[in-house]
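S.K.: Supplied in C-alpha cells, the structure appears directly below.
The values are calculated or read from the model by the stated rules, or taken from the named source; none is laboratory data. All values reported here derive from a predicted model rather than from experimental measurement. Using ideal geometry, Cβ is built from the backbone for each residue, glycine included, and neighbour counts are taken over all protein chains shown. SASA here: full protein model, heavy atoms, side chains in, ligands and nucleic acids out. Shrake-Rupley method; radii C 1.70, N 1.55, O 1.52, S 1.80 Å.
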Amino acid sequence: MKTILFCICSVLISFNGYSQQFLVKGKITDKVSGEPLSFANVRVAGSTLGTAANREGEYELRLFKQEAKLIASYIGYKSDTLSVRIESGLTFINFTLEKINIDLPEVVVMPGENPALEIIRKAILKKKKRNDYLNSYNFDAYTKGLVRTNQELLAGDGFLSIGAGTDTSAMIIGGILENQSRGYFLKPNNYKEIILARKQSANFPPTLNVLTGGRLIQNFYTDDIRFFGRELPGPLADNAIDYYFFYLKNTLAQDNDTIYQIFMTPDNSSDPGFEGYIFINSNEYDLVKVDLNLNRAANTGGIFDTVNVFQQFTLFDEMVYMPVDYRLFVKANIIGLVRVGFELNSILYDYEINPEIEKAFFDKAILTVLPDADKKDSLYWLNVQTIPGTDEELDAYLRIDSISNLRFNFWDEFSILSTRINFNRSLSVSAPLAIYHFNRVEGHALDFGMFLNDALDRRLNSSVNFSYGFSDKKLKTNLSSTYLFGDYRTYSIKVNAYNGIKTLFGGSENYNELTSTVLSLLSKYEFRDYYYSKGFALELSGEVLPVLKLNAGFINHTDNSAFNKSDFSFFKKDRTYRTNPPVYETRVNALNFGFRLDLRDYIEDGFFRRRVGQNRSYFLFDGDVLHSSKNLTGSGTDFTRYSLTASGRLNTFRAAYLGFIVKGIYNDGYLPYQMLNLLPGNIELTSRTYSFRTLNVNEVFGDRTVTVHLDHFFGDELFRMLRIPVLKDIELQLNTFINAAYSDVSDKAASILPANIKTLKQVFYEAGFGIGHVLFPIRFEFAWKLNQRNGNNFRFGMNAFIF
C-alpha cells in the first residue's frame, strides 16, 4: 500500500508540472556526410536529465525551464554544446557532430604482453570503487518494444500467435508496446521498478508488457547478467580475465578523452558468453559503452540468429557512470518458415545518486504495474520523456489498429488440431480433439464443454462439461467457477459441482486423456482405474501476506464403485481388460485447511501477481489438513489427513540445478481406499519427471507415506566443463535422478480396504539418468532399483510432454 501511495504522489507531482513543460526535438547527424548518428546521447548541462536518440538519430527532451544548455555526444566525435531559449511549447534543435581527427598515441605491444588485460584489470578495480561509493539510486525510464515478423501477429489476452500474412519475406512491425517507469536500488541487492503508465498496439497482449518493465534491462556494470535463464560473466566480472580473451582493437576519442575499443570473446568457444566490443575511457578506466552479441554456446539450440546488446553510460554526480540506455535486438528463424524479431529500446534518465531510501520500501514485488497504468490518456503521454517514433513505427500503429478493429472471425480462430473453438476472446467450446474418449467403464464417450475465460475484467473463469458413456449409459456433468478479487487478483472463491466419473488416484499421475484412450483402443492396455463420484466443493483462498497464501474450504462427495462395461478394442481381440477395482462406498463431508509459503519475488503486472525466480534457487512449502467427522460434518467416516510438501530448486554450477520434491502424508482414521496416497509410477516405455521410474501406475499405496524425488538437470554444462570432444558442442542434455519412498497403511484404514494393496515398509531406492537434446522433445531415461529388486529391476522410458 505504501508503494502505491508513493507512486500516486509521484504522478500528481508530475501533473502539477505539466503547464511548465516544453518539448525540444531534433536530429543528430555527422557534419560531413549528414548520416544520422544512431543512439547518440543528449543531456542537459548541470542536471541529471538526458536522453538517447533513436536509430535514425532523432531525439526528444521535455524540459521544465525556458533556458538550457544541451550537450550532444557520440564516441569518435567532438561533442556539440548549444545554449537554447525556448519560446514556445515545441522547439527544434539539430546537432551536427564533427569527427575527431587527432593523432592518438600508438599502443606499443611488448612480446608476451596483452595491453588489453591491464586495461581490463584497472576497469574492474574502478568498478569496485564505483560500487563501494554507490549505496542507492533511483531513476526514470521509458521503454519501447517492437515485435517484427514476416507475418501478422494475432493476440488474445495473454498469448501471441502468428497468423497468415501476405508478406513472406520482409520483416514488418507486428506489435508495439511502451511504458514509463521509475526504478529504485539499495545496496546490497534490493531493486524495485514501478510502471506508472503503459500502452501497446491493440493486438499486443498487455501481460507481455512485463518484458519491458525492467525484467530484460541489464546493467553491464553488475555481475548479475542473465539471458535465457543462464547467468553469464559480464565484461567487468571478477573472473572476466580468466573467462574471456580481450584484444585492444583501436583507440578513439571523445572530446579530450581517449577511448579504448576492446574486442572480447570467451577463451573457449564452448563456454557461453558475450563477444563483441566494449569501450573504456583512459582517464579513470570507466566502462562507457558495450556493443555485444551472445555467442553460439549461450544461444541454446541456435534458435536465434542474433542476440545483440547495446548500452551506453554517462557520468553522474561527478563520481559514477550510470546506464543511460539499453538496446536489445533479437532475431529468430523458426525452421525456415517464420522469422521473428524483438527490439527493445530503453532510455534511463533523471538519476538521483545515494538518496535516502528505506529498506522497508523494497518488498517481494520487484516490478509493480500500477492498476491504472493502462488507463493513462493522451494528455499524460504528451508529457512523458519518450523515444521519437520512426516513420515505420507510425505506419505500423495505423496498420495494426486497422487489423485489430476488424470483427472477430470464427474461421480465423478455428483449428482442427485445437482442443477449443473460440467464439470470442472469452467464450469457447470443445473442439474435435476434445469431444471423444474411451475407457473400459464408459466405453465410447462423447464430451462437450463450454468455457468462459478472463471475463469481468479478467476476474471470472467458468466452465460446464457434459459427457455421456455409451456403455455405462450415464450422463456426467461438471460445473466449475472461480472468481478472483483484489487489486492483483490474489484472492479467489471457487465452486465446483459434479456428478460423474473420476480417475482413481488421478492426482498421482499426469498422463493425458489421449494417451489413455489410444492405448486402450489399440492394445487393451488401460493403466487407469475409475469410480463414480458426485458432490460439490467450495474453497476460499488468498495471499494474506506477500509470502503466505491460506485456503479453507468444504468438500462433499459420495463415491461408488465402477465396473467394466466394454471390451472393445481395434486390435488384441483375444485379450481381456483387467477388472476395474471396487472402492469403499461412502459419503465424505470434510473441512479443508491449507497454506503455501512462497519466498520468491514476484511481478505485479497490472492484473496478476506472478512469481519469478524459476532460474534462481528457491523453496516452496505446502501444507494441508483434511478433517472428516461423523459428528461435526455429518460424514460417513472419521479421519484426519495431514500432508506437507517441500519443493524447489537449488542452483549448483553454471546453469545446472537440483530440483526436489519431498512429501509426507500422515492419516489418523478410517480413510477410504480411493483417498489413499498413490506413489507416482509410470506406464510401460514412458517416464515422468519427479516420479518412480521403476514402479508401475497404481502399484504402491499408503496413508502414511514419505517420498523424496531428487532430479539434477545438468543440461550440457557437464560436457562443456569437462571439455569432452564432440559432446561439448552438440548440446546434449543430461539429467540424473534418485528417488526414495516409504509407505504403510494404518490399522483403521486397512480395516475398510476393499482389496489387498502393496506397500513399502522398508525404504525403497531407485536411481538413473536421462539423455536428450535441446531441440528434441523426447528424453530417453534409464532407471535401476537399488534395493527390493524383483521383476522390474531395470526400466527404459521416454520422457515427453506429449504423453
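S.K.: Taking the range 270-297 as the search range and keeping residues that are within 28 Å of the chain's Cα centre (by Cα) and open to solvent by 50 Å² or more (accessible area, probe 1.4 Å), which one is farthest from Lys128 (Cα to Cα)?
M.R.: Residue satisfying both the conditions and the ranking: Arg296.
S.K.: Another question about this same structure. Quick one: Thr48 ticks every box in (1) within 25 Å of Leu328 (Cβ to Cβ); (2) at pLDDT 85 or above; (3) assigned to a loop (DSSP other than H, G, I, E, B) except a single one, so which number is it?
M.R.: Unmet condition: (2).
S.K.: Let me ask something else about it. Would you pick out the residues in the range 284-306 that are in a strand (DSSP E or B) and either touching a Gly at 6+ places or on another chain (Cβ under 6 Å) or modelled with pLDDT of 90 or more (or both)?
M.R.: Listed by number, the residues that qualify are Leu287, Val288, Lys289, Val290, Asp291, Leu292, Asn293, Leu294.
S.K.: While we're looking at this one, here's another question. For Arg611, which of the numbered conditions (1) touching a Ser or Thr at 6+ places or on another chain (Cβ under 9 Å); (2) under 27 Å from Leu196 (Cβ atoms); (3) surrounded by fewer than 15 Cβ atoms within 10 Å (Cβ to Cβ) fails to hold?
M.R.: If we test Arg611 against (1) touching a Ser or Thr at 6+ places or on another chain (Cβ under 9 Å); (2) under 27 Å from Leu196 (Cβ atoms); (3) surrounded by fewer than 15 Cβ atoms within 10 Å (Cβ to Cβ), just (1) comes out false.
S.K.: How many residues does the range 40-58 hold that are on the phi > 0 side of the Ramachandran plot and open to solvent by 20 Å² or more (accessible area, probe 1.4 Å)?
M.R.: Number satisfying all stated conditions: 1.
S.K.: Within the range 144-179, how many residues turn out to be at pLDDT 75 or above and open to solvent by less than 30 Å² (accessible area, probe 1.4 Å)?
M.R.: Qualifying residue count for the region: 12.
S.K.: For a quick check of your reading: which strands (runs of 3 or more DSSP E) sit entirely within the range 349-464 and have at least 1 residues that are polar (S, T, N, Q) and at pLDDT below 95?
M.R.: Once the strands (runs of 3 or more DSSP E) in the range 349-464 are filtered for at least 1 residues that are polar (S, T, N, Q) and at pLDDT below 95, what remains is 365-369, 420-422, 427-430, 443-454.
S.K.: Within the range 483-524, take every residue that is of a type in the set (Lys, Arg) and touching a strand residue (DSSP E or B) at 6+ places or on another chain (Cβ under 8 Å) and give me the one that is surrounded by the most Cβ atoms within 10 Å (Cβ to Cβ).
M.R.: Lys502
S.K.: I'm trying to understand the selection: among the residues of the range 304-322, which are over 17 Å from Gly50 (Cα atoms) and among the aromatic types (Phe, Trp, Tyr)?
M.R.: Residues satisfying the conditions are Phe304, Phe310.
S.K.: Another question about this same structure. Within 28 Å of Gly715 (Cβ to Cβ) and aliphatic (A, V, I, L, M): which single residue out of Ala297, Ala360 fits that description?
M.R.: Step by step, each of Ala297, Ala360 is checked, and only Ala297 is within 28 Å of Gly715 (Cβ to Cβ) and aliphatic (A, V, I, L, M).
S.K.: Right, Lys549: open to solvent by 40 Å² or more (accessible area, probe 1.4 Å), under 43 Å from the mean Cα position of the chain (by Cα) and closer than 17 Å to Asp472 by Cα or not?
M.R.: Answer is no for this residue.
S.K.: Given (1) free of Cβ contacts under 8 Å to residues at least 24 places away in the same chain; (2) under 24 Å from Ser561 (Cα atoms), where does Leu679 come up short, assuming only one miss?
M.R.: (1)
S.K.: Which residues, taken from the range 782-794, are at pLDDT 95 or above and touching a Lys or Arg at 6+ places or on another chain (Cβ under 6 Å)?
M.R.: Scanning the range 782-794 gives a single hit, Ala783.
S.K.: Which numbered condition trips up Arg587, out of (1) surrounded by fewer than 19 Cβ atoms within 10 Å (Cβ to Cβ); (2) modelled with pLDDT under 95?
M.R.: (2)
S.K.: Can I ask one more? Return the residue satisfying two criteria in turn: it lies in the range 59-74 and is closer than 29 Å to Thr258 by Cα and surrounded by fewer than 20 Cβ atoms within 10 Å (Cβ to Cβ), and of such residues it is farthest from the chain's Cα centre (by Cα).
M.R.: Going through the qualifying residues, I end up with Lys69.
S.K.: Tell me which residues, restricted to the range 258-269, are over 30 Å from the mean Cα position of the chain (by Cα), open to solvent by less than 30 Å² (accessible area, probe 1.4 Å) and closer than 18 Å to Leu125 by Cβ.
M.R.: Scanning the range 258-269 gives a single hit, Ile262.
S.K.: What number of residues within the range 528-545 are touching a residue at least 60 places away in the same chain (Cβ under 8 Å) and either surrounded by fewer than 17 Cβ atoms within 10 Å (Cβ to Cβ) or under 34 Å from the mean Cα position of the chain (by Cα) (or both)?
M.R.: Residues flagged as touching a residue at least 60 places away in the same chain (Cβ under 8 Å) and either surrounded by fewer than 17 Cβ atoms within 10 Å (Cβ to Cβ) or under 34 Å from the mean Cα position of the chain (by Cα) (or both) within the range 528-545 amount to 2.
S.K.: Determine if the range 472-480 includes at least one residue that is open to solvent by 70 Å² or more (accessible area, probe 1.4 Å) and farther than 24 Å from Pro432 by Cα.
M.R.: No, the conditions are met nowhere in the range 472-480.
S.K.: So is Lys663 among the basic types (Lys, Arg), at pLDDT 95 or above, in contact with a strand residue (DSSP E or B) (Cβ under 9 Å, 6 or more places away or on another chain) and not in a strand (DSSP E or B) or not?
M.R.: Here the answer is no, as Lys663 does not meet what is asked.
S.K.: Could you please find all residues in the range 438-495 being out of contact with any Lys or Arg (no Cβ under 8 Å at 6 or more places or on another chain) and among the aliphatic types (A, V, I, L, M)?
M.R.: Answer for the range 438-495, where residues must be out of contact with any Lys or Arg (no Cβ under 8 Å at 6 or more places or on another chain) and among the aliphatic types (A, V, I, L, M): Ala445, Leu446, Met450, Leu452, Ala455, Leu456, Leu460, Val464, Leu475, Leu479, Ile493, Val495.
S.K.: Kindly indicate whether Thr300 is open to solvent by 10 Å² or more (accessible area, probe 1.4 Å) and in contact with a strand residue (DSSP E or B) (Cβ under 7 Å, 6 or more places away or on another chain).
M.R.: no
S.K.: Answer yes or no as to whether Asp242 is touching a Ser or Thr at 6+ places or on another chain (Cβ under 7 Å), open to solvent by 40 Å² or more (accessible area, probe 1.4 Å) and of a type in the set (D, E, K, R).
M.R.: Against the criterion (touching a Ser or Thr at 6+ places or on another chain (Cβ under 7 Å), open to solvent by 40 Å² or more (accessible area, probe 1.4 Å) and of a type in the set (D, E, K, R)), Asp242 does not qualify.
S.K.: With the range 563-618 as the region, which strands (runs of 3 or more DSSP E) entirely inside it contain at least 1 residues that are in contact (Cβ under 8 Å) with a residue 24 or more places away in the chain and of a type in the set (Ser, Thr, Tyr)?
M.R.: 586-598, 602-604
S.K.: Out of Asn239, Asn293, I need the residue that is of a type outside the set (Lys, Arg) and out of contact with any strand residue (DSSP E or B) (no Cβ under 8 Å at 6 or more places or on another chain). Which one?
M.R.: Asn239
S.K.: Do the conditions hold for Gly234, that is, is it small (Gly, Ala, Ser), under 20 Å from Arg130 (Cβ atoms) and touching an Asp or Glu at 6+ places or on another chain (Cβ under 8 Å)?
M.R.: yes
S.K.: Here are Tyr765, Tyr742: which of them is among the hydroxyl-bearing types (Ser, Thr, Tyr), surrounded by 18 or more Cβ atoms within 10 Å (Cβ to Cβ), in a strand (DSSP E or B) and modelled with pLDDT of 95 or more?
M.R.: Tyr742
S.K.: Among the numbered conditions (1) open to solvent by 20 Å² or more (accessible area, probe 1.4 Å); (2) within 23 Å of Ser480 (Cα to Cα); (3) not basic (Lys, Arg), tell me where Asp574 comes up short.
M.R.: Tallying (1) open to solvent by 20 Å² or more (accessible area, probe 1.4 Å); (2) within 23 Å of Ser480 (Cα to Cα); (3) not basic (Lys, Arg), Asp574 fails exactly one: (2).
S.K.: When only residues in the range 19-33 that are touching a residue at least 60 places away in the same chain (Cβ under 8 Å) and more than 22 Å from Ser346 (Cα to Cα) count, which is least open to solvent (accessible area, probe 1.4 Å)?
M.R.: Checking each candidate, the answer is Asp30.
S.K.: If Arg688 passes every condition in (1) open to solvent by 10 Å² or more (accessible area, probe 1.4 Å); (2) in contact with a His (Cβ under 8 Å, 6 or more places away or on another chain); (3) assigned to a loop (DSSP other than H, G, I, E, B) but one, which one does it miss?
M.R.: It is condition (2) that Arg688 fails.
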